[in-house]
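Note sheet for the following structure.
The values are calculated or read from the model by the stated rules, or taken from the named source; none is laboratory data. Everything quoted here is computed from the prediction, not taken from an experiment. Heads up, the Cβs are rebuilt from the backbone with ideal geometry, glycines too, and the neighbour counts pull from every protein chain shown. Just the protein is used for accessible areas: all its heavy atoms, side chains included, with ligands, DNA and RNA removed. Shrake-Rupley method; radii C 1.70, N 1.55, O 1.52, S 1.80 Å.
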Amino acid sequence: QSAKCGACGPGYATPLDAMKGKYCPREEIVYLPCIYRNTGIEKPDYLATVDVDPKSPRYCQVIHRLPMPNLKDELHHSGWNACSSCFGDATKRRNRLILPSLISSRIYVVDVGTDLRAPRIHKVVEPVELFWKGNVANPHTAHCLGSGDILISCLGDPSGNGKGGFILLDGETFEVKGNWENGEKVPPLGYDFWYQPRHNVLMSTEWGVPKVLADGFNPPDVERGLYGRRINVWDWSTHTYIQAIDLGKDSIPLEVRFLHNPDAAEGFVGCALSGAVHRFYKTEKGDWAAEKVIEVPSKKVQGWLLPDMPGLITDILISLDDRFLYFSNWLHGDIRQYDISNTRKPKLVGQVFLGGSITKGGPVTVVEDKELQCQPEPFVIKGKRVPGGPQMIQLSLDGKRLYVTSSLYSGWDKQFYPDLVKEGSVMLQIDVDTERGGLKVNKNFLVDFGKEPDGPVLAHEIRYPGGDSTSDIWM
């Protein structure tokens, strides 16, 4: 599915080529990790292949399942062995999907090149490799590098303490080469990252201390400093930690996204707890700063864990033309689309509610709401009332279809949405108005992971074989 040109590697020459190029076919299948940890079902997690081609007789069905060889891994995010950062290298192919396990610290390398629709396991990197060679654990985000290696961010050390380190995998053998970072200074916490070589920078974010967040969320842990609050700035060429941008103790900055244009010296980060989106940017001095550009106000509620319910921004992404920003509010239950033509003043242009914790008739009563006149109706599609709220999002290359899943992480799903764990998560698709902005649920699209052969499962992050707006980085 990548550009057919003489001496090119995987992916596309530019973000706009990926979005509008003649080699940019509509996605036909997607891959999702499916998690059984914390569901009470003693089965391994697996990688599902889902048919998303409306012309196919198997539209909206899981067409293949690749079980992992171990129990309780907690598959979470995935990345590629090669992407548009290797575009100039004809020896590279996007044929391996890297699947780090958040809890077991294993890394699975999955062969998707032999048969796109029926992936198979190529290699397993055991946790001891990360522990011994890098003194890190709980791998989270994987990005391929132009050098051919694979960089993976970690949440902690082998004892379950917080540590914002990285490991490098060899792009050919998938052996652990060691740490990416140099020097003594390492951030206290880790999570997601994005890099931008033209500005000699890598930005990483912070979730929390692994052994603290493993079994659920305890609000006093935020006061104790056990959750994240910083964007961490790294020097790309020397791999050293050079600056921390503090977003405040109640922030928990999760997904970080630079604009796709490799010349751009700015991007956005979504903060789960504060409900804020911050724009980060390079200053005239050459260091980095951040400003809050969106705030989702908390709602005053009764019948919930706390008297104030945050939106809980859990995933964000930017369209390939850098025009729209999308994010999910996992607790409030909505997905939002902002026009970011002016990056300092994002404008809300689309919003849709897909469940959440404040729907009518549920246990939670909203007593004060700065945004809504009344509590949203429960979300029903194809006769199914959907439990949980929108979480992971992925946009089609042309920007017209937004795919959504509802599981955050099994330990937190169990706490905040017990019905989600009992019934399994869903995948939905939203049609996007790319001219004026606007979101509309596709009522014909539902993948119900409650109907899986071994019982209900929690499906997480979505990837296309040809790369997407959260996997590819342009050099």
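For the reader, a short list of remarks on this structure follows.
- Based on alpha carbons, the Rg and Dmax found for the chain are 20.5, 62 Å.
- Surface share of carbon and sulfur [accessible, 1.4 angstrom probe, percent] for the chain: 49
- Stokes-Einstein translational diffusion, region 187-274 - Kirkwood Rh over all Cα pairs, 0.890 mPa s, 25 °C, in µm²/s: 182
- For region 19-85 and region 291-329, distance of Cα centres in Å: 26
- Take region 72-459 with all the other protein chains still there, run a 1.4 Å probe, and you get 35 Å² of accessible area per residue.
- Modelled this way, with points 7 Å down the Cα-to-C-beta line, the labels at R385 and R26 are 3.4 nm from one another.
- At an R0 of 41 angstrom, the distance between the Cβ atoms of L305 and R93 translates into a FRET efficiency of 0.30.
- Above-threshold pairs, the threshold being 24 Å between Cα atoms, out of K92/K123; K72/K443; K347/K384; K400/K422: K72/K443; K347/K384; K400/K422
- Virtual spin-label span in nm between D454 and K177, 7 Å along Cα→Cβ: 3.4
- Placing a label point 7 Å from the Cα of N70 along the Cα-to-Cβ direction, the residues of region 115-136 whose backbone N falls under 17 Å from that point are 121-136.
- Over the chain: helical MRE at 222 nm, DSSP H runs n ≥ 4 each giving -39500 (n - 2.57), nearest 500: -1500 deg cm²/dmol
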